[in-house]
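One structure is given here, and the rest of the page talks about it.
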Amino acid sequence: MAIITGKQYVERIDSLKNEVWIDGEKVCGNLSEHPAFKGILQSKGKLYDLQHDPNLAPSLTYQVHDEKSRCNFAFEQPTSIEALKKRKEATQLWARKSGGTLGRSPDYINTAIMTLGSSYSFFDQRFSQNVKRVFEHARKNDLSFTHTFINPQVNRSPHYIEFSDKEEIIAAKIIAEKKEGIVIHGARLLATQGGITDEVLVLPVGGNSIDPAYVYAFAIPSNTPGLKFLCRQSYAKGCSNRFDYPLTSQFDEVDSVVVFDHVLVPWDRVFLYKDLNAVGRIFTETNLNIMLLFQAVCRQIVKTEFLLGISESLAQTIAITDYQHVQEKLSQMIVTLEIMTSLLYKAEAEATLNQFGTMVPNPKPLMAASTYYQKEYSRLIEYMQMLGASGFISLPTEQDFNSDIGIDLKQYLQAKGAPAKERVQLFRLAWDLTMSPFGSRQTQYERFFFGDPIRLSSALYHSYDKTEFVDLVQSFLKKTN
Ligand SMILES: Cc1cc2nc3c(=O)[nH]c(=O)nc-3n(C[C@H](O)[C@H](O)[C@H](O)COP(=O)(O)OP(=O)(O)OC[C@H]3O[C@@H](n4cnc5c(N)ncnc54)[C@H](O)[C@@H]3O)c2cc1C
(Lines give C-alpha, C1' and ligand atoms only; values in the text may rest on other atoms or scores of the structure.)
Protein backbone atom coordinates (compact mmCIF):
# COMPACT_ATOMS: atom_id res chain seq x y z
CA MET A 1 0.00 0.00 0.00
CA ALA A 2 2.54 2.60 1.21
CA ILE A 3 1.58 6.27 0.72
CA ILE A 4 -2.08 6.99 1.31
CA THR A 5 -4.32 9.81 0.14
CA GLY A 6 -6.16 12.21 2.40
CA LYS A 7 -9.40 10.39 1.66
CA GLN A 8 -7.89 7.07 2.70
CA TYR A 9 -6.59 8.60 5.91
CA VAL A 10 -9.95 10.12 6.85
CA GLU A 11 -11.86 6.95 5.97
CA ARG A 12 -9.44 4.84 7.98
CA ILE A 13 -9.77 7.03 11.08
CA ASP A 14 -13.56 7.01 10.74
CA SER A 15 -13.63 3.23 10.40
CA LEU A 16 -11.48 2.65 13.50
CA LYS A 17 -14.31 3.90 15.73
CA ASN A 18 -11.84 4.95 18.41
CA GLU A 19 -13.34 5.70 21.80
CA VAL A 20 -13.18 9.49 21.85
CA TRP A 21 -14.90 11.62 24.48
CA ILE A 22 -15.51 15.35 24.13
CA ASP A 23 -17.90 17.77 25.85
CA GLY A 24 -19.13 14.98 28.09
CA GLU A 25 -20.14 12.75 25.21
CA LYS A 26 -18.70 9.77 23.43
CA VAL A 27 -18.36 10.45 19.71
CA CYS A 28 -20.65 7.94 18.06
CA GLY A 29 -20.61 8.95 14.39
CA ASN A 30 -17.69 9.63 12.09
CA LEU A 31 -14.97 11.78 13.63
CA SER A 32 -14.58 13.53 10.27
CA GLU A 33 -18.13 14.88 10.59
CA HIS A 34 -17.72 16.10 14.17
CA PRO A 35 -17.18 19.89 14.42
CA ALA A 36 -14.20 19.43 16.74
CA PHE A 37 -12.31 17.11 14.38
CA LYS A 38 -13.53 17.94 10.89
CA GLY A 39 -11.02 20.75 10.24
CA ILE A 40 -7.95 18.99 11.54
CA LEU A 41 -8.77 15.74 9.71
CA GLN A 42 -9.17 17.66 6.46
CA SER A 43 -5.89 19.50 7.03
CA LYS A 44 -3.99 16.29 7.76
CA GLY A 45 -5.67 14.75 4.71
CA LYS A 46 -4.29 17.56 2.55
CA LEU A 47 -0.77 16.74 3.76
CA TYR A 48 -1.22 13.13 2.65
CA ASP A 49 -2.53 14.31 -0.74
CA LEU A 50 0.64 16.31 -1.34
CA GLN A 51 2.55 13.04 -1.44
CA HIS A 52 0.75 12.27 -4.72
CA ASP A 53 1.60 15.59 -6.39
CA PRO A 54 4.15 14.66 -9.08
CA ASN A 55 6.14 17.83 -8.38
CA LEU A 56 6.33 17.19 -4.64
CA ALA A 57 6.51 13.40 -4.56
CA PRO A 58 10.32 13.31 -4.99
CA SER A 59 10.65 15.41 -1.82
CA LEU A 60 7.87 13.87 0.26
CA THR A 61 8.35 10.20 -0.58
CA TYR A 62 11.11 7.67 -1.15
CA GLN A 63 11.50 4.31 -2.79
CA VAL A 64 12.24 1.33 -0.55
CA HIS A 65 14.68 -0.73 -2.62
CA ASP A 66 12.85 -4.08 -2.49
CA GLU A 67 9.32 -2.69 -2.75
CA LYS A 68 7.29 -1.25 -5.61
CA SER A 69 5.39 1.51 -3.89
CA ARG A 70 6.82 4.70 -2.48
CA CYS A 71 6.75 5.54 1.24
CA ASN A 72 6.50 8.75 3.26
CA PHE A 73 9.80 10.58 3.87
CA ALA A 74 9.54 10.32 7.65
CA PHE A 75 10.05 6.54 7.52
CA GLU A 76 13.35 6.80 5.63
CA GLN A 77 16.38 6.12 7.80
CA PRO A 78 18.82 8.94 6.99
CA THR A 79 22.25 7.47 6.34
CA SER A 80 24.00 10.58 5.01
CA ILE A 81 24.02 14.33 5.53
CA GLU A 82 22.33 14.64 2.14
CA ALA A 83 19.50 12.47 3.43
CA LEU A 84 19.16 14.69 6.50
CA LYS A 85 18.88 17.71 4.22
CA LYS A 86 16.18 16.00 2.20
CA ARG A 87 14.38 15.17 5.41
CA LYS A 88 14.56 18.81 6.52
CA GLU A 89 13.14 20.04 3.21
CA ALA A 90 10.24 17.58 3.35
CA THR A 91 9.48 18.44 6.99
CA GLN A 92 9.47 22.13 6.16
CA LEU A 93 7.37 21.63 3.06
CA TRP A 94 4.65 20.02 5.18
CA ALA A 95 5.11 22.57 7.99
CA ARG A 96 4.59 25.52 5.62
CA LYS A 97 1.01 24.34 5.00
CA SER A 98 0.12 25.28 8.59
CA GLY A 99 2.69 28.02 9.21
CA GLY A 100 4.37 25.56 11.58
CA THR A 101 1.33 25.48 13.87
CA LEU A 102 0.65 21.78 13.34
CA GLY A 103 2.97 20.49 16.02
CA ARG A 104 2.07 16.88 15.43
CA SER A 105 2.00 16.47 11.68
CA PRO A 106 2.39 12.73 10.99
CA ASP A 107 6.14 13.05 10.40
CA TYR A 108 6.74 13.91 14.07
CA ILE A 109 6.03 10.58 15.69
CA ASN A 110 6.81 8.68 12.51
CA THR A 111 10.34 10.01 12.99
CA ALA A 112 10.29 8.26 16.37
CA ILE A 113 8.95 5.07 14.80
CA MET A 114 11.69 5.19 12.15
CA THR A 115 14.39 5.79 14.75
CA LEU A 116 13.20 2.94 16.96
CA GLY A 117 12.76 0.66 13.94
CA SER A 118 16.27 1.44 12.70
CA SER A 119 17.73 0.68 16.13
CA TYR A 120 15.60 -2.38 16.87
CA SER A 121 18.68 -4.35 17.94
CA PHE A 122 18.95 -2.05 20.97
CA PHE A 123 15.89 -3.77 22.44
CA ASP A 124 15.88 -6.98 24.41
CA GLN A 125 15.89 -9.90 21.99
CA ARG A 126 12.42 -10.93 23.16
CA PHE A 127 11.07 -7.65 21.78
CA SER A 128 13.44 -6.37 19.11
CA GLN A 129 11.54 -8.01 16.24
CA ASN A 130 8.33 -6.37 17.52
CA VAL A 131 9.91 -2.95 17.13
CA LYS A 132 11.07 -3.78 13.61
CA ARG A 133 7.67 -5.21 12.65
CA VAL A 134 5.70 -2.23 13.98
CA PHE A 135 8.00 0.12 12.06
CA GLU A 136 7.61 -1.83 8.82
CA HIS A 137 3.85 -2.09 9.28
CA ALA A 138 3.65 1.69 9.87
CA ARG A 139 5.79 2.42 6.82
CA LYS A 140 3.85 0.11 4.52
CA ASN A 141 0.49 1.47 5.62
CA ASP A 142 1.50 5.12 6.09
CA LEU A 143 0.17 5.09 9.64
CA SER A 144 -0.03 8.06 11.97
CA PHE A 145 0.62 7.92 15.71
CA THR A 146 -0.11 9.95 18.78
CA HIS A 147 2.15 9.52 21.77
CA THR A 148 2.09 9.78 25.50
CA PHE A 149 5.25 10.07 27.56
CA ILE A 150 4.09 11.60 30.89
CA ASN A 151 2.08 10.68 33.98
CA PRO A 152 -0.94 12.66 35.25
CA GLN A 153 -0.11 15.87 37.11
CA VAL A 154 -1.09 14.67 40.58
CA ASN A 155 1.85 15.38 42.81
CA ARG A 156 5.11 16.63 41.35
CA SER A 157 6.95 16.98 44.66
CA PRO A 158 10.41 15.41 44.49
CA HIS A 159 9.70 12.41 46.70
CA TYR A 160 6.23 11.47 45.47
CA ILE A 161 5.80 7.87 44.40
CA GLU A 162 2.36 6.53 43.62
CA PHE A 163 1.54 3.54 45.80
CA SER A 164 -1.77 2.26 44.58
CA ASP A 165 -3.73 -0.90 44.57
CA LYS A 166 -6.03 -1.80 41.71
CA GLU A 167 -8.90 0.50 42.69
CA GLU A 168 -6.79 3.61 43.19
CA ILE A 169 -4.46 3.58 40.23
CA ILE A 170 -3.86 6.97 38.61
CA ALA A 171 -0.69 6.74 36.49
CA ALA A 172 -0.94 3.92 33.97
CA LYS A 173 0.89 0.79 35.13
CA ILE A 174 1.20 -2.89 34.42
CA ILE A 175 -1.38 -4.71 36.51
CA ALA A 176 -1.13 -8.21 35.07
CA GLU A 177 0.93 -10.39 32.82
CA LYS A 178 -1.01 -12.89 30.72
CA LYS A 179 -0.22 -15.47 28.09
CA GLU A 180 -1.58 -13.08 25.42
CA GLY A 181 0.15 -9.94 26.68
CA ILE A 182 0.40 -7.36 29.45
CA VAL A 183 -2.53 -5.55 31.03
CA ILE A 184 -2.22 -1.77 31.51
CA HIS A 185 -4.53 0.25 33.72
CA GLY A 186 -4.52 3.97 34.53
CA ALA A 187 -3.94 7.21 32.66
CA ARG A 188 -1.23 9.03 30.74
CA LEU A 189 -0.96 12.63 29.48
CA LEU A 190 -1.16 14.45 27.12
CA ALA A 191 -1.78 12.90 23.74
CA THR A 192 -2.07 15.63 21.12
CA GLN A 193 -4.30 14.29 18.34
CA GLY A 194 -5.32 11.41 20.61
CA GLY A 195 -8.19 9.62 18.87
CA ILE A 196 -7.46 10.86 15.36
CA THR A 197 -4.38 8.76 14.70
CA ASP A 198 -4.16 5.10 13.70
CA GLU A 199 -2.01 4.09 16.63
CA VAL A 200 -0.61 5.21 19.98
CA LEU A 201 3.08 5.07 20.89
CA VAL A 202 3.65 4.71 24.62
CA LEU A 203 7.18 5.15 25.95
CA PRO A 204 8.47 5.12 29.53
CA VAL A 205 8.02 8.30 31.53
CA GLY A 206 11.79 8.54 32.04
CA GLY A 207 13.58 9.70 35.15
CA ASN A 208 14.42 7.20 37.81
CA SER A 209 11.48 4.83 37.82
CA ILE A 210 11.99 2.46 40.68
CA ASP A 211 8.80 0.45 40.34
CA PRO A 212 9.02 -1.95 37.37
CA ALA A 213 5.22 -1.82 37.00
CA TYR A 214 5.69 1.63 35.42
CA VAL A 215 8.43 0.53 33.05
CA TYR A 216 7.04 -0.39 29.66
CA ALA A 217 6.92 0.69 26.03
CA PHE A 218 4.60 -0.38 23.25
CA ALA A 219 2.54 0.71 20.26
CA ILE A 220 -1.08 -0.31 19.84
CA PRO A 221 -3.95 0.58 17.50
CA SER A 222 -6.07 3.49 18.75
CA ASN A 223 -9.15 1.28 18.75
CA THR A 224 -7.70 -1.31 21.14
CA PRO A 225 -10.49 -2.27 23.58
CA GLY A 226 -10.32 -0.26 26.82
CA LEU A 227 -8.36 2.62 25.28
CA LYS A 228 -10.17 5.95 25.75
CA PHE A 229 -9.25 9.45 24.64
CA LEU A 230 -10.67 12.16 26.90
CA CYS A 231 -10.35 15.32 24.85
CA ARG A 232 -10.12 18.87 26.04
CA GLN A 233 -12.70 21.38 24.93
CA SER A 234 -12.50 22.00 21.20
CA TYR A 235 -11.36 25.41 20.01
CA ALA A 236 -12.58 24.68 16.49
CA LYS A 237 -16.17 23.88 17.36
CA GLY A 238 -18.29 26.83 16.24
CA CYS A 239 -15.21 28.40 14.61
CA SER A 240 -15.23 26.84 11.17
CA ASN A 241 -15.23 30.11 9.22
CA ARG A 242 -11.83 30.44 7.53
CA PHE A 243 -11.97 34.26 7.43
CA ASP A 244 -12.79 34.59 11.13
CA TYR A 245 -10.59 31.77 12.44
CA PRO A 246 -7.93 31.12 9.78
CA LEU A 247 -5.84 28.82 11.99
CA THR A 248 -8.30 27.48 14.56
CA SER A 249 -10.67 26.28 11.83
CA GLN A 250 -7.95 24.18 10.22
CA PHE A 251 -5.30 23.22 12.72
CA ASP A 252 -6.80 22.67 16.17
CA GLU A 253 -5.19 19.32 16.89
CA VAL A 254 -7.09 18.66 20.13
CA ASP A 255 -5.21 17.19 23.13
CA SER A 256 -6.40 14.32 25.25
CA VAL A 257 -5.86 12.39 28.42
CA VAL A 258 -5.37 8.75 27.51
CA VAL A 259 -7.10 6.21 29.73
CA PHE A 260 -6.06 2.59 29.68
CA ASP A 261 -8.98 0.69 31.13
CA HIS A 262 -7.55 -2.81 31.59
CA VAL A 263 -6.01 -2.60 28.13
CA LEU A 264 -4.44 -5.83 26.91
CA VAL A 265 -1.24 -5.09 25.00
CA PRO A 266 -0.36 -8.18 22.98
CA TRP A 267 3.19 -9.46 23.47
CA ASP A 268 4.01 -8.82 19.82
CA ARG A 269 3.38 -5.09 20.44
CA VAL A 270 5.61 -4.79 23.50
CA PHE A 271 8.97 -3.01 23.06
CA LEU A 272 10.16 -2.87 26.64
CA TYR A 273 8.97 -4.64 29.75
CA LYS A 274 10.01 -3.96 33.34
CA ASP A 275 13.58 -3.37 32.21
CA LEU A 276 14.88 -0.72 34.60
CA ASN A 277 18.25 -0.77 32.92
CA ALA A 278 16.86 0.18 29.49
CA VAL A 279 14.32 2.79 30.56
CA GLY A 280 16.52 5.90 30.30
CA ARG A 281 18.71 4.51 27.53
CA ILE A 282 15.78 4.03 25.17
CA PHE A 283 15.84 7.77 24.45
CA THR A 284 19.58 8.34 24.37
CA GLU A 285 21.09 5.20 22.81
CA THR A 286 18.59 4.98 19.98
CA ASN A 287 19.01 8.76 19.43
CA LEU A 288 15.24 9.08 19.48
CA ASN A 289 15.37 12.47 21.24
CA ILE A 290 17.80 13.94 18.74
CA MET A 291 15.86 12.81 15.69
CA LEU A 292 12.65 14.24 17.18
CA LEU A 293 14.41 17.52 17.97
CA PHE A 294 15.64 17.71 14.39
CA GLN A 295 12.05 17.48 13.11
CA ALA A 296 10.90 20.02 15.71
CA VAL A 297 13.57 22.62 14.98
CA CYS A 298 12.81 22.35 11.23
CA ARG A 299 9.16 23.12 12.05
CA GLN A 300 9.97 25.93 14.49
CA ILE A 301 12.02 27.67 11.81
CA VAL A 302 8.97 27.64 9.53
CA LYS A 303 6.84 28.98 12.37
CA THR A 304 9.29 31.84 12.91
CA GLU A 305 9.19 32.66 9.18
CA PHE A 306 5.40 32.74 9.43
CA LEU A 307 5.51 34.98 12.48
CA LEU A 308 7.93 37.37 10.82
CA GLY A 309 5.84 37.42 7.64
CA ILE A 310 2.65 38.25 9.52
CA SER A 311 4.35 40.90 11.67
CA GLU A 312 6.00 42.65 8.74
CA SER A 313 2.71 42.62 6.76
CA LEU A 314 0.92 44.02 9.75
CA ALA A 315 3.49 46.79 10.24
CA GLN A 316 3.36 47.72 6.55
CA THR A 317 -0.44 47.71 6.54
CA ILE A 318 -0.75 50.36 9.26
CA ALA A 319 2.49 52.11 8.25
CA ILE A 320 4.51 51.75 11.42
CA THR A 321 7.74 50.40 9.88
CA ASP A 322 9.54 53.76 10.23
CA TYR A 323 9.50 53.64 14.02
CA GLN A 324 12.76 52.36 15.48
CA HIS A 325 11.15 50.28 18.22
CA VAL A 326 9.02 48.57 15.55
CA GLN A 327 12.16 47.82 13.55
CA GLU A 328 13.79 46.53 16.73
CA LYS A 329 10.91 44.11 17.36
CA LEU A 330 10.95 42.89 13.79
CA SER A 331 14.72 42.57 13.88
CA GLN A 332 14.39 40.35 16.99
CA MET A 333 12.27 38.02 14.89
CA ILE A 334 14.95 38.05 12.20
CA VAL A 335 17.60 37.30 14.84
CA THR A 336 15.55 34.35 16.14
CA LEU A 337 15.09 33.03 12.64
CA GLU A 338 18.80 33.30 11.87
CA ILE A 339 19.83 31.74 15.20
CA MET A 340 17.48 28.78 14.73
CA THR A 341 18.53 28.29 11.10
CA SER A 342 22.21 28.45 12.01
CA LEU A 343 21.84 25.99 14.87
CA LEU A 344 20.05 23.57 12.58
CA TYR A 345 22.73 24.04 9.93
CA LYS A 346 25.46 23.27 12.48
CA ALA A 347 23.60 20.22 13.76
CA GLU A 348 23.25 18.95 10.21
CA ALA A 349 26.84 19.70 9.15
CA GLU A 350 28.25 17.95 12.22
CA ALA A 351 26.02 14.88 11.99
CA THR A 352 27.62 11.49 12.59
CA LEU A 353 26.57 7.92 11.96
CA ASN A 354 25.40 6.07 15.05
CA GLN A 355 25.90 2.37 15.77
CA PHE A 356 22.65 1.57 13.91
CA GLY A 357 23.69 3.33 10.71
CA THR A 358 21.49 6.41 11.24
CA MET A 359 23.00 9.77 10.42
CA VAL A 360 22.33 11.66 13.66
CA PRO A 361 22.62 15.47 13.83
CA ASN A 362 24.91 16.97 16.45
CA PRO A 363 22.69 17.10 19.57
CA LYS A 364 24.28 20.18 21.15
CA PRO A 365 22.98 22.84 18.74
CA LEU A 366 19.58 21.12 18.61
CA MET A 367 19.26 21.11 22.40
CA ALA A 368 20.35 24.75 22.44
CA ALA A 369 17.79 25.63 19.74
CA SER A 370 14.92 23.93 21.50
CA THR A 371 15.79 25.37 24.92
CA TYR A 372 16.14 28.83 23.37
CA TYR A 373 12.84 28.62 21.47
CA GLN A 374 10.87 27.57 24.55
CA LYS A 375 11.55 31.01 26.00
CA GLU A 376 11.87 33.02 22.82
CA TYR A 377 8.55 32.09 21.23
CA SER A 378 6.40 33.82 23.85
CA ARG A 379 8.60 36.92 23.59
CA LEU A 380 7.99 37.10 19.84
CA ILE A 381 4.27 36.65 20.39
CA GLU A 382 4.34 39.56 22.83
CA TYR A 383 6.14 41.69 20.22
CA MET A 384 3.44 40.89 17.71
CA GLN A 385 0.75 41.92 20.20
CA MET A 386 2.60 45.18 20.83
CA LEU A 387 2.64 45.90 17.10
CA GLY A 388 -1.04 45.13 16.58
CA ALA A 389 -2.34 46.98 19.65
CA SER A 390 -6.11 47.61 19.45
CA GLY A 391 -6.10 46.17 15.93
CA PHE A 392 -6.24 42.76 17.64
CA ILE A 393 -9.48 43.78 19.34
CA SER A 394 -11.46 45.65 16.71
CA LEU A 395 -11.92 42.57 14.60
CA PRO A 396 -15.32 42.28 12.92
CA THR A 397 -16.35 38.95 11.44
CA GLU A 398 -17.02 38.11 7.84
CA GLN A 399 -20.70 38.21 8.68
CA ASP A 400 -20.31 41.82 9.85
CA PHE A 401 -18.77 42.75 6.52
CA ASN A 402 -21.70 41.14 4.70
CA SER A 403 -24.28 42.98 6.81
CA ASP A 404 -25.71 46.52 6.71
CA ILE A 405 -22.76 47.83 8.72
CA GLY A 406 -20.35 46.51 6.06
CA ILE A 407 -20.22 49.92 4.44
CA ASP A 408 -19.18 51.56 7.73
CA LEU A 409 -16.57 48.88 8.39
CA LYS A 410 -15.10 49.37 4.93
CA GLN A 411 -14.80 53.10 5.56
CA TYR A 412 -13.52 53.10 9.15
CA LEU A 413 -11.31 50.00 9.23
CA GLN A 414 -9.37 50.72 6.08
CA ALA A 415 -5.60 51.05 6.50
CA LYS A 416 -2.87 52.75 4.54
CA GLY A 417 -1.69 49.44 3.13
CA ALA A 418 -4.96 47.54 2.62
CA PRO A 419 -8.71 47.93 2.25
CA ALA A 420 -10.72 47.19 5.40
CA LYS A 421 -11.62 43.58 4.71
CA GLU A 422 -8.05 42.58 3.77
CA ARG A 423 -6.66 44.40 6.77
CA VAL A 424 -9.09 42.66 9.11
CA GLN A 425 -8.29 39.30 7.52
CA LEU A 426 -4.59 39.82 8.22
CA PHE A 427 -5.22 41.02 11.77
CA ARG A 428 -7.52 38.07 12.43
CA LEU A 429 -4.70 35.76 11.37
CA ALA A 430 -2.32 37.52 13.78
CA TRP A 431 -4.95 37.38 16.55
CA ASP A 432 -5.59 33.68 15.91
CA LEU A 433 -1.88 32.97 16.29
CA THR A 434 -1.42 35.05 19.43
CA MET A 435 -4.62 35.65 21.39
CA SER A 436 -7.37 33.19 20.51
CA PRO A 437 -7.64 29.99 22.58
CA PHE A 438 -5.85 28.29 19.69
CA GLY A 439 -3.08 30.90 19.83
CA SER A 440 -2.71 30.71 23.62
CA ARG A 441 -2.34 26.95 23.34
CA GLN A 442 0.36 27.46 20.70
CA THR A 443 2.35 29.56 23.19
CA GLN A 444 1.92 26.95 25.92
CA TYR A 445 2.81 24.24 23.44
CA GLU A 446 6.11 25.85 22.42
CA ARG A 447 6.90 26.57 26.07
CA PHE A 448 6.49 22.95 27.12
CA PHE A 449 7.42 21.34 23.86
CA PHE A 450 9.76 18.44 24.53
CA GLY A 451 9.34 18.87 28.29
CA ASP A 452 9.55 21.29 31.15
CA PRO A 453 11.86 24.20 30.14
CA ILE A 454 13.45 24.28 33.58
CA ARG A 455 14.46 20.63 33.51
CA LEU A 456 15.49 20.80 29.84
CA SER A 457 17.83 23.72 30.59
CA SER A 458 19.22 21.71 33.45
CA ALA A 459 19.72 18.69 31.16
CA LEU A 460 21.56 20.88 28.67
CA TYR A 461 23.78 22.21 31.44
CA HIS A 462 24.61 18.74 32.72
CA SER A 463 25.21 17.16 29.32
CA TYR A 464 27.41 19.97 28.03
CA ASP A 465 31.11 19.42 28.57
CA LYS A 466 32.51 22.67 29.94
CA THR A 467 35.99 21.42 30.83
CA GLU A 468 37.67 23.04 27.85
CA PHE A 469 36.38 26.47 28.85
CA VAL A 470 37.27 26.09 32.51
CA ASP A 471 40.78 25.00 31.44
CA LEU A 472 41.03 28.07 29.24
CA VAL A 473 40.33 30.32 32.20
CA GLN A 474 42.73 28.38 34.41
CA SER A 475 45.52 28.69 31.89
CA PHE A 476 44.74 32.39 31.42
CA LEU A 477 45.01 32.92 35.17
CA LYS A 478 48.31 31.04 35.32
CA LYS A 479 49.81 33.13 32.53
CA THR A 480 48.84 36.41 34.15
CA ASN A 481 50.30 35.41 37.54
C1 LIG B 1 -0.18 21.93 24.32
C2 LIG B 1 0.58 20.75 24.84
C3 LIG B 1 0.60 19.56 24.10
C4 LIG B 1 1.27 18.45 24.58
N5 LIG B 1 1.29 17.28 23.85
C6 LIG B 1 1.88 16.18 24.35
C7 LIG B 1 1.85 14.93 23.64
O8 LIG B 1 1.32 14.84 22.53
N9 LIG B 1 2.41 13.84 24.23
C10 LIG B 1 3.01 13.91 25.45
O11 LIG B 1 3.51 12.88 25.94
N12 LIG B 1 3.08 15.07 26.14
C13 LIG B 1 2.52 16.20 25.62
N14 LIG B 1 2.56 17.37 26.33
C15 LIG B 1 3.10 17.35 27.69
C16 LIG B 1 4.47 17.97 27.83
O17 LIG B 1 5.45 17.03 27.49
C18 LIG B 1 4.56 18.41 29.31
O19 LIG B 1 3.78 19.56 29.45
C20 LIG B 1 5.95 18.67 29.80
O21 LIG B 1 6.72 17.51 29.78
C22 LIG B 1 5.92 19.20 31.26
O23 LIG B 1 5.25 18.30 32.09
P24 LIG B 1 3.96 18.73 32.90
O25 LIG B 1 3.03 19.47 31.98
O26 LIG B 1 3.43 17.54 33.56
O27 LIG B 1 4.48 19.80 33.92
P28 LIG B 1 4.90 19.51 35.41
O29 LIG B 1 5.98 18.50 35.45
O30 LIG B 1 3.69 19.17 36.21
O31 LIG B 1 5.45 20.92 35.87
C32 LIG B 1 4.61 21.94 36.48
C33 LIG B 1 5.51 23.00 37.08
O34 LIG B 1 6.29 22.44 38.14
C35 LIG B 1 7.68 22.55 37.88
N36 LIG B 1 8.33 21.28 38.22
C37 LIG B 1 7.75 20.06 38.27
N38 LIG B 1 8.66 19.12 38.57
C39 LIG B 1 9.84 19.74 38.69
C40 LIG B 1 11.15 19.30 38.96
N41 LIG B 1 11.44 18.02 39.16
N42 LIG B 1 12.14 20.22 38.98
C43 LIG B 1 11.87 21.52 38.76
N44 LIG B 1 10.65 22.01 38.48
C45 LIG B 1 9.64 21.13 38.46
C46 LIG B 1 7.79 22.83 36.39
O47 LIG B 1 8.94 23.60 36.08
C48 LIG B 1 6.51 23.59 36.10
O49 LIG B 1 6.69 24.95 36.35
C50 LIG B 1 1.92 18.51 25.84
C51 LIG B 1 1.91 19.70 26.58
C52 LIG B 1 1.26 20.82 26.09
C53 LIG B 1 1.26 22.08 26.91
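Hey, any idea what % of the range 240-297's accessible area is carbon plus sulfur with a 1.4 Å probe?
Of all accessible area on the range 240-297, carbon and sulfur atoms account for 51 percent.
In this simple spin-label approximation, GLN233 and MET1 carry label points 7 Å from Cα along the Cα→Cβ vector, and these lie 3.7 nm apart. Computed across the chain, the Kirkwood hydrodynamic radius from all distinct Cα-Cα pairs reaches 24.0 Å. Note on VAL302: accessible area approximately 0 square angstrom, rounded to 10, probe 1.4 Å, nucleic acids and ligands left out.
The accessible surface of the range 415-463, taken with every protein chain in place and a 1.4 Å probe, is 60 percent carbon and sulfur.
If the chain linking GLU136 and SER121 were pulled fully straight, counting 0.36 nm for each residue of separation and taking away their Cα-Cα distance, it would gain 3.9 nm. Distance between the C-alpha centres of the range 326-395 and the range 454-481: 25 Å, rounded to the whole angstrom. For the range 287-470, averaging the sequence separation of C-alpha pairs within contact (under 8 Å, six or more residues apart) and dividing by the residue count gives a relative contact order of 24 percent. Only the Cβ atoms of Lys and Arg (+1) and of Asp and Glu (-1) were treated as charged; on that basis the dipole of the chain about its Cα centre amounts to roughly 500 debye.
Close amide H pairs (under 5 Å, H built 1.01 Å from N) link ILE150 with LEU189, LEU190, residues at least 5 positions away or on another chain.
Of LYS46/LYS364; LYS44/LYS303; LYS140/LYS237; LYS44/LYS237, which ones are farther than 28 Å apart at the Cα? Over 28 Å Cα-Cα: LYS46/LYS364; LYS140/LYS237.
Computed from the C-beta positions of SER164 and SER403 and an R0 of 51 Å, the FRET efficiency is 0.35 to the nearest 0.05. The GluC sites (Glu not before Pro) of the range 134-168 meeting both criteria, a DSSP state outside H, G, I, E and B (loop) and at most 13 other C-beta atoms within 10 angstrom of the site's C-beta, are GLU167, GLU168. The residues of the chain present an accessible area of 45 Å² per residue when probed at 1.4 Å with all protein chains retained. Bridging of LYS173 to aspartates and glutamates at a Cα separation below 17 Å is possible for GLU162, ASP165, ASP211, ASP261, ASP275, once same-chain residues fewer than 8 apart are set aside.
How high is the relative contact order of the chain, in percent, counting Cα pairs under 8 Å that sit 6 or more residues apart?
On the way: 788 pairs, mean separation 77.0, N = 481.
It comes to 16 percent, rounded to a whole number.
How about the range 1-76: which trypsin sites (Lys or Arg not before Pro) there lie in a loop by DSSP and see at most 10 other Cβ atoms within 10 Å? Filter output for the range 1-76: LYS68. Accessible surface comparison of MET384, MET367, MET435, probe 1.4 Å, protein chains only, largest first: the order is MET435, MET367, MET384.
Counting Lys and Arg as +1 and Asp and Glu as -1 over every other residue whose Cβ lies under 12 Å from the Cβ of PHE243, the net charge comes to -2. Between the beta carbons of THR467 and SER15, assuming R0 = 60 Å, the FRET efficiency works out to 0.60 to the nearest 0.05. Taking label positions 7 Å along the Cα-Cβ direction at both ALA57 and PHE476, the computed distance is 5.8 nm, reported to one decimal. Over 21 Å apart at the Cα level, from the set LYS88/LYS466; LYS97/LYS228; LYS179/LYS274, are LYS88/LYS466; LYS97/LYS228.
Measuring nothing but how far apart in sequence close Cα pairs (under 8 Å, 6+ apart) lie, relative to its length, the range 6-281 scores a relative contact order of 23 percent. Our estimate of slack between ALA319 and ASP66, defined as 0.36 nm per intervening residue step minus the Cα-Cα distance, is 85.3 nm.
The values are calculated or read from the model by the stated rules, or taken from the named source; none is laboratory data. None of the values given here were measured: they were computed from a predicted structure. Because the Cβ atoms are built from the backbone with ideal geometry, glycine has one as well, and the counts that use them run over all protein chains shown. Note: areas computed on protein heavy atoms with side chains; ligands, DNA, RNA excluded. Shrake-Rupley method; radii C 1.70, N 1.55, O 1.52, S 1.80 Å.
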